[in-house]
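*Asks:* This is the structure, below, for whatever I ask next.
The values are calculated or read from the model by the stated rules, or taken from the named source; none is laboratory data. Bear in mind that the values here come from a model prediction, so they are computed numbers and not experimental data. Note that we place each Cβ from the backbone using ideal geometry, even for glycine, and neighbour counts take in every protein chain shown.
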Amino acid sequence: MLIRKICMIGDFAVGKTSLVSRYVHSTFSEQYLTTVGVKVDSRILELASGDQLKLVLWDIAGSDALSSVERTYLQGAAGYLLVSDSTRRNTFDTAIDLQNQAEQILGPKPFVMLMNKTDLAQEQDLDQDKVSALQGRGWKMLQTSAKLGSGVEEAFAALGERL
């Protein structure tokens with residue numbers, strides 16, 4: 001079985017921990033708890049080829065820039081999930097900045113960008129032109145809701161297939 005380290009990166013309160021909790025434990029909590037440092041979890045993913053891939057998920061504390069400690073957490077990652085909050089446009093811009101920083105640290109690695117909290121449909125604040133422009137550059141972008149579970153399995157599977 002292949003084992004791959006995956007990092008969850010994004011701004012504060014975008015839902016990184018909730019996405020991991022939904023994916024690994026099929027749970028969601030309304031209570032917000034800030035991640036301090038990093039939390040590590042894992043789950044085995046069955047790829048379309050029939051192969052199994054163990055994803056070791058590093059849920060890194062939210063930030064709008066990677067500190068020296070967070071840069072250390074990224075070391076050895078095979079890929080990452082960028083997470084933004086679809087109701088807070090600034091977190092989308094932060095995710096783009098974090099992707100640039102991650103690429104400087106890791107070099108080109110597979111990643112998928114998630115626009116989380118789509119269950120809050122009336123509060124959506126996405127710049128569709130930016131989304132389209134990034135998709136045109138080859139970025140894989142998915143909408144997710146950790147609360148409802150929509151798009152979560154697909155998000156981790158999409159990254160797993162890119163690995």
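*Asks:* Conditions first: (1) surrounded by fewer than 16 Cβ atoms within 10 Å (Cβ to Cβ); (2) of a type in the set (A, V, I, L, M, F, W, C); (3) at pLDDT 95 or above. Val112 passes all but one, so which condition is the exception?
*Replies:* If we test Val112 against (1) surrounded by fewer than 16 Cβ atoms within 10 Å (Cβ to Cβ); (2) of a type in the set (A, V, I, L, M, F, W, C); (3) at pLDDT 95 or above, just (1) comes out false.
*Asks:* Report, by residue number, each residue of region 41-59 that is surrounded by 13 or more Cβ atoms within 10 Å (Cβ to Cβ) and assigned to a loop (DSSP other than H, G, I, E, B).
*Replies:* Leu47
*Asks:* Can you tell which of Thr35, Thr27 is among the hydroxyl-bearing types (Ser, Thr, Tyr) and surrounded by 15 or more Cβ atoms within 10 Å (Cβ to Cβ)? Give the steps one after another, and end with the answer.
*Replies:* Working: Thr27 fails: surrounded by 15 or more Cβ atoms within 10 Å (Cβ to Cβ).
On inspection, the qualifying residue turns out to be Thr35.
*Asks:* Any chance you could count how many residues in region 1-39 are closer than 24 Å to Asn90 by Cβ, assigned to a loop (DSSP other than H, G, I, E, B) and out of contact with any helix residue (DSSP H, G or I) (no Cβ under 6 Å at 6 or more places or on another chain)?
*Replies:* Total satisfying the criteria: 10.
Condition check ((1) in contact with a Phe, Trp or Tyr (Cβ under 8 Å, 6 or more places away or on another chain); (2) closer than 18 Å to Thr17 by Cβ; (3) surrounded by 13 or more Cβ atoms within 10 Å (Cβ to Cβ)) across all residues:
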| site | (1), (2), (3) |
| --- | --- |
| Ala65 | no, no, no |
| Ser68 | no, no, no |
| Thr94 | no, yes, yes |
| Asp119 | no, yes, yes |
| Lys130 | yes, no, yes |
| Ala157 | no, no, yes |
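*Asks:* Take Phe156 and tell me if it is more than 22 Å from Lys39 (Cα to Cα), under 13 Å from the mean Cα position of the chain (by Cα) and assigned to a helix (DSSP H, G or I).
*Replies:* Details: more than 22 Å from Lys39 (Cα to Cα): no; under 13 Å from the mean Cα position of the chain (by Cα): yes; assigned to a helix (DSSP H, G or I): yes.
It is false that Phe156 is more than 22 Å from Lys39 (Cα to Cα), under 13 Å from the mean Cα position of the chain (by Cα) and assigned to a helix (DSSP H, G or I).
*Asks:* Related question: Would you mind telling me which numbered condition in (1) within 13 Å of the chain's Cα centre (by Cα); (2) closer than 22 Å to Gly160 by Cα Asp51 fails?
*Replies:* (1)
*Asks:* Would you say Ile105 is within 14 Å of the chain's Cα centre (by Cα), surrounded by fewer than 18 Cβ atoms within 10 Å (Cβ to Cβ), without any contact (Cβ under 8 Å) to a residue 60 or more places away in the chain and not in a strand (DSSP E or B)? It would help to see each step written out before you state the result.
*Replies:* Details: within 14 Å of the chain's Cα centre (by Cα): no; surrounded by fewer than 18 Cβ atoms within 10 Å (Cβ to Cβ): yes; without any contact (Cβ under 8 Å) to a residue 60 or more places away in the chain: yes; not in a strand (DSSP E or B): yes.
Criteria not met by Ile105.
*Asks:* Kindly provide the set of residues from region 132-155 that are basic (Lys, Arg) and exposed (fewer than 14 other Cβ atoms within 10 Å of the Cβ), ordered by number. Give the derivation first.
*Replies:* Narrowing region 132-155 to residues basic (Lys, Arg): 137, 140, 147.
Once the filter is applied, which keeps residues that are basic (Lys, Arg) and exposed (fewer than 14 other Cβ atoms within 10 Å of the Cβ), region 132-155 yields only Arg137.
*Asks:* What pairs can you find where one residue is in region 67-81 and touching a residue at least 24 places away in the same chain (Cβ under 8 Å) and among the aliphatic types (A, V, I, L, M), the other is in a loop (DSSP other than H, G, I, E, B) and surrounded by fewer than 19 Cβ atoms within 10 Å (Cβ to Cβ), and their Cβ atoms are less than 6 Å apart, with a gap of 6+ or different chains?
*Replies:* Matching pairs, first to second residue: Ala78/Leu163.
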